[in-house]
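**Student:** Mind having a look at this structure? Questions to follow.
What follows is calculated from the coordinates using simple rules that are stated; it is not laboratory data. Just so it is clear, the model here is predicted, and its values are computed rather than measured. Here the Cβ is made from the backbone with ideal geometry for all residues, glycine too, and neighbour counts use every protein chain on show.
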Amino acid sequence: MTILLKVEDLSRSFGGLIVASNISLALESGDRAALIGPNGAGKTTFINLVTGSLAPSSGRIELAGKDITRAASVERVRLGLVRSFQVSRVFREMAVRDHVALAILQREGKSGRMFGDPWKIAAVASEAPAILEELGLAVVAHEPVSQIAYGQQRLLELAIALVLRPKVLLLDEPAAGVPRGEARRIEQALARLPSDIAVLMIEHDIDLVFRFARRVIVLAAGRIICEGPPAAVAADPHVREVYLGSYANGSRSV
Amino acid sequence: MTSASIADSVKEKKTTALSSDLIGTLAIAVLGGAAYVVFPDDLGLLTRILAAAFFVLSLCLVTGICGIATLGHAVMYGAGAYAAGYFCVQGLTDPIALIVVGAMAGAVMGAVSGAIILRTSGLPQLVLSIALVQLMHAAANKASSITGGSDGLIGISPAPVLGLFAFDFYGRTAYLFGLVLLVCVFAVLQRLVRSPFGLLCRGIMQDRVRVAAMGVSVYPVLIRMYTISGAVAGIGGALIAIATGVVGLDSVSFAWSAEALVMLVLGGASSLYGALIGTVVFMTFEHFVSAASPFHWLAIVGALLIAVVLFLPKGLQSFPARFLVKLRGGRRDHSS
């Protein structure tokens, strides 16, 4: 398996506060990993470091063999490192279909074209309807985002990420704030992600994590404290102590 | 629905954009022509409306489409006006060449001022834009050997258009020249707004972080739109220089920039039609109401603006649509 994302000894501190400490991890093609940890463990900081919104104090990041530690965040996206947002960041007054069109145009390097109809461009005309239909968004294709359900907005986030054809996909709480029924639709979509891409999901919903991930990475106080298959991680006494305390003490078993 | 027909429904437009664009452009030409016939004694005012229309359209491109906050847009308009005026005084009298000069001067000013104000956003951007227009105003005042300072740049007498249509005392040529220009520019801008680039700019306006997460470098895109906007404003400035034969300091003023923003909001910031409607309503209002009540006209404009912002947040251009919806709703009530 080829390694798509390699993070080595990534650290970041704000003054004396260490928010990421010597984090190393590798994602392979086809990986389905989840990053979990209590609030304030540094999950979002980690995502920001990897996507380039935040510069690391030390360490190294490689995307498909290319050093991107100093690359600008837009450059990382173009190289195939794509993220979704924890809170849906879609354009409220733009039609659903136009979001997907814009992402496809950008991927094709045609978003700067100053003439012509976006929908006459072959890649948009062929791909956009397909992805919208696959995610069940075709019926709301012409609606502005402000008129569609929150779960559909999350699916749209996913659609945007997918048409960018990522090598590595970072999903920041893809099902956060979505009612149960709609969450199932999102989970189905997650299960059907292209098999060759590496996916790292950050998620609070442990049930969802354990259904989706084949590998779980536990972050606490800015460092990785445990890594392995879901069952092994759930059984780890250290993890139970820092993170799964309520689960371990409660009636539910994991 | 079969999957093929679903795909088609995603692709198809609710209305065919091209034909509605064509109808809109024709409507402007027809209304502009009608105004020429109906108000032959007000061609001076009508020409000033045309020049302002370029200016407000230009502002619409950056504020309405890209979400850039600016109260200093007159730097581009003024650059176009002074450049066209200066070149004309220096001997380049062909009006079409002067329009090109104005467009280029506006574009350069757009690129330069854009490079400065687009580094920031929101309130700092607004303040920077005001600072820029005040600076340029002071510079134009100081450089009186070129601009004529507070006396204005005078002695602009352009040659006949295409060597055939001389600029007359009544302003007929100036108006028709401006109207043809406006129709052409409007048609181009409609295409621009619907293009992939237009879509990208609207995305930037709504959430630039999201657009950046798609791999877009936002800053160069905005500079490009700002440059285009500068060219459009520059055409408006050049037109007023050609039509009136004089360029004053008020063409690079904060007040003129602010008025453009009022016109844009009045008509509807996110629509090119809104820009035109706002311009016509505001300028007409200014002309007639200020003549009738020189001290109170601004209060009346203020009241109008408040009413529009409260009851038609998308501007006057949204009025017909809302009116139609009401009408249809009413009909449905009757039938049920």
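**Student:** In debye, nearest 20: dipole of segment B:17-253 around its Cα centre with unit charges on the Cβ of K, R (+) and D, E (-)?
**Tutor:** 760
**Student:** Inside 10 Å of the C-beta atoms of B:187-199, what's the mean count of C-beta atoms belonging to other chains?
**Tutor:** If you average over the peptide's residues, the count of other-chain Cβ atoms is 5.
**Student:** Below 13 angstrom from the Cβ of residue A:171, what's the summed charge of the other residues (Lys, Arg +1; Asp, Glu -1)?
**Tutor:** Taking every other residue near residue A:171 into account, the sum is -3.
**Student:** Which order do the peptides A:73-83, A:4-14, B:115-125 come out in when sorted by mean C-beta neighbours inside 10 angstrom, highest first? It would help to have the intermediate numbers written out before the result.
**Tutor:** On the way: A:73-83: 21.4, A:4-14: 17.9, B:115-125: 15.0.
Ranked from most to least packed, the peptides come out as A:73-83, A:4-14, B:115-125.
**Student:** Right, here's the next one. Order B:177-188, A:112-123 from most to least packed using the mean count of other Cβ atoms within 10 Å. Don't jump to the answer; show the numbers that get you there.
**Tutor:** On the way: B:177-188: 19.5, A:112-123: 15.1.
So the peptides B:177-188, A:112-123, ranked by packing, come out B:177-188, A:112-123.
**Student:** Can you give the average number of partner chain beta-carbon atoms within 10 Å of each beta-carbon in peptide A:118-128, as a whole number?
**Tutor:** For peptide A:118-128, the averaged partner shielding equals 2.
**Student:** Still on this structure, please answer the following. Alpha carbon centre of segment A:184-214 versus segment B:146-189: separation in Å?
**Tutor:** Answer, in whole Å: 64.
**Student:** Shifting gears a bit: Normalised by the residues of chain B, what does the relative contact order come to in percent, with Cα pairs under 8 Å and at least six apart?
**Tutor:** Values: 512 pairs, mean separation 99.5, N = 336.
So the answer I get is 30 percent.
**Student:** Could I have the simple spin-label model distance between residue B:131 and residue A:29, label points 7 Å from Cα toward Cβ, reported in nm to one decimal?
**Tutor:** Between residue B:131 and residue A:29, the simple spin-label model gives 5.2 nm.
**Student:** Of B:29, B:74, B:143, which has the largest mean-square fluctuation in a 10 Å C-alpha GNM of chain B?
**Tutor:** B:143
**Student:** Determine the dipole magnitude for chain A: charges of +1 sit on the beta-carbon of Lys and Arg, -1 on that of Asp and Glu, nothing else is charged, the reference point is the Cα centre, and the result goes in debye to the nearest 20.
**Tutor:** So the dipole magnitude of chain A works out to roughly 240 debye.
**Student:** Next question. Sorted by average packing, counted as other Cβ atoms within 10 angstrom per residue and highest first, what order do B:293-303, B:79-89, A:189-199 take?
**Tutor:** In decreasing order of mean packing, B:293-303, B:79-89, A:189-199 become B:79-89, A:189-199, B:293-303.
**Student:** Using Cα pairs under 8 angstrom and six or more residues apart, how large is the relative contact order of segment B:267-312, in percent?
**Tutor:** This gives 21 percent for segment B:267-312.
**Student:** Taking just the alpha carbons, could you work out the radius of gyration and Dmax for chain A, both in angstroms?
**Tutor:** Both quantities, over Cα of chain A: 18.8, 63 Å.
**Student:** Separate question: How large is the Rg to Rh ratio of the protein assembly as shown when both quantities use alpha carbon positions and Rh follows Kirkwood?
**Tutor:** Details: Rg = 28.7 Å, Rh = 26.9 Å.
Reported Rg/Rh, Kirkwood definition of Rh: 1.07.
**Student:** With unit charges on the beta carbons (Lys and Arg positive, Asp and Glu negative) and the dipole taken about the Cα centre of chain A, which residue among A:131, A:186, A:82 sits farthest to the positive side?
**Tutor:** A:82
**Student:** Using a Förster distance of 30 Å, how high is the FRET efficiency between residue A:207 and residue B:121, based on the Cβ-Cβ distance and rounded to 0.05?
**Tutor:** Details: r = 40 Å, r/R0 = 1.35.
Approximately 0.15, to the nearest 0.05.
**Student:** Follow-up. Give, rounded to the nearest 20 debye, the magnitude of the charge dipole that the protein assembly as shown has about its Cα centre when Lys and Arg contribute +1 at Cβ and Asp and Glu contribute -1 at Cβ.
**Tutor:** Details: 49 positive and 40 negative charges, 181 e Å.
Magnitude of the dipole: close to 880 debye.
**Student:** What's the average, rounded to a whole number, of partner chain beta-carbon atoms within 10 Å of each residue's beta-carbon in A:101-109? Intermediate results must be reported in sequence, preceding the final value.
**Tutor:** Numbers: counts 3, 9, 7, 2, 7, 7, 2, 1, 1.
Mean inter-chain Cβ contacts per residue within 10 Å come to 4.
**Student:** What's the Kirkwood radius of chain B in Å, using all Cα pairs? Could you put the intermediate results ahead of the total?
**Tutor:** Values: mean 1/r = 0.0478 Å⁻¹.
After inverting the mean inverse Cα-Cα distance, the result is 20.9 Å.
**Student:** Now for a different question. Compute the semi-axes of the equivalent ellipsoid of segment B:128-182, taking the square root of 5 times each eigenvalue of the Cα gyration tensor, and list them largest first in whole Å.
**Tutor:** Equivalent ellipsoid of segment B:128-182: 31, 16, 9 Å, largest first.
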